[in-house]
Amino acid sequence: MIETILLALLFAKLKGFEIKPLFKDWPIYIVLFFALVYVGLEIAVFSGNYSVVKFSTPFKVLYLSAFIVMIVRYGIYKGAVVGSVFVLLGGAMNDVAIAANNGKMPVFPTLSYITGYASPDAFSKVKDIHILGTSAVNLKFLTDFIDLGYSILSIGDVFIRALPFIVVFYAVKSCNAKTLKYI
């Protein structure tokens, strides 16, 4: 999930905003803490420690909740509502994919096989809702097929990541506005 933060920062930079002011205030560090813990979970999976996968979903909720601090601190209420709608839509898309596939979320690794993030036998070891996708999968376009090499996302997961993107971007924008006020 750290890539979402980095993409938002890059987007803000491309829009002409300064990134430094965001790092002069404390809320970003709460979010970065959770993002780095998530990186730690990904590293554990890379190392073959699939026991951490069971913490992935509850941790995703904590990670997204960490953005509440930034939302309140910078008054990003409209962006938070839009981002929350994306989270709800993404969650619904994931639920539809799971329901259409007998309570399982099919995963289609490609790049992750090359990087070592996934292996065919990993799905039998993990024992969660994820299964290796086959040609018999229903609604493949809603399943986990967007392979980043260190994580495999669904369209729903991408929608869910809109909230962090929006919050970080508007936090940068807000910090820039405050910085300009005091010059």
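The values are calculated or read from the model by the stated rules, or taken from the named source; none is laboratory data. Keep in mind that this is a model prediction, so the values were computed, not measured. Cβ sites come from the backbone with ideal geometry, for glycine too, and all protein chains shown count toward neighbours.
Inside region 50-85, can you point out the residues that are over 30 Å from residue 178 (Cβ atoms) and among the polar types (S, T, N, Q)?
Hits for region 50-85 are 51, 56, 57.
For region 16-29, give me each residue that is closer than 18 Å to residue 72 by Cα and either in contact (Cβ under 8 Å) with a residue 40 or more places away in the chain or basic (Lys, Arg) (or both). Steps first, please.
First pass over region 16-29, keeping only residues closer than 18 Å to residue 72 by Cα: 21-29.
Those that are closer than 18 Å to residue 72 by Cα and either in contact (Cβ under 8 Å) with a residue 40 or more places away in the chain or basic (Lys, Arg) (or both): 21, 22, 24, 25, 27, 28.
With (1) surrounded by 19 or more Cβ atoms within 10 Å (Cβ to Cβ); (2) farther than 19 Å from residue 79 by Cβ; (3) among the polar types (S, T, N, Q); (4) modelled with pLDDT under 95 as the list, and residue 94 as the residue in question, which single condition is left unmet?
All conditions are met except number (4).
Restricting region 1-49 to residues that are hydroxyl-bearing (Ser, Thr, Tyr) and assigned to a helix (DSSP H, G or I), which is surrounded by the fewest Cβ atoms within 10 Å (Cβ to Cβ)?
Checking each candidate, the answer is 29.
If we keep just the residues of region 69-123 that are aromatic (Phe, Trp, Tyr) and under 15 Å from residue 162 (Cα atoms), which is nearest to the chain's Cα centre (by Cα)?
86
Inside region 30-45, can you point out the residues that are touching a helix residue (DSSP H, G or I) at 6+ places or on another chain (Cβ under 8 Å) and farther than 18 Å from residue 161 by Cα?
Matches in region 30-45: 44, 45.
Looking at region 146-159, I want the residues that are without any contact (Cβ under 8 Å) to a residue 12 or more places away in the chain and have a partner that is among the hydrophobic types (A, V, I, L, M, F, W, C) and assigned to a strand (DSSP E or B) with Cβ atoms under 8 Å, at least 6 apart or on another chain. Which pairs are those?
153/146
Yes or no: region 127-134 includes at least one residue that is assigned to a helix (DSSP H, G or I), out of contact with any strand residue (DSSP E or B) (no Cβ under 6 Å at 6 or more places or on another chain) and surrounded by 13 or more Cβ atoms within 10 Å (Cβ to Cβ).
No; the residues of region 127-134 include none that is assigned to a helix (DSSP H, G or I), out of contact with any strand residue (DSSP E or B) (no Cβ under 6 Å at 6 or more places or on another chain) and surrounded by 13 or more Cβ atoms within 10 Å (Cβ to Cβ).
Kindly establish whether residue 114 is part of a helix (DSSP H, G or I), exposed (fewer than 13 other Cβ atoms within 10 Å of the Cβ) and free of Cβ contacts under 8 Å to residues at least 60 places away in the same chain.
In short, yes.
So which pairs qualify, if the first residue must be in region 71-86 and hydrophobic (A, V, I, L, M, F, W, C), the second must be exposed (fewer than 12 other Cβ atoms within 10 Å of the Cβ), the Cβ gap must be under 7 Å, and the two must be at least 6 apart or on different chains?
71/77
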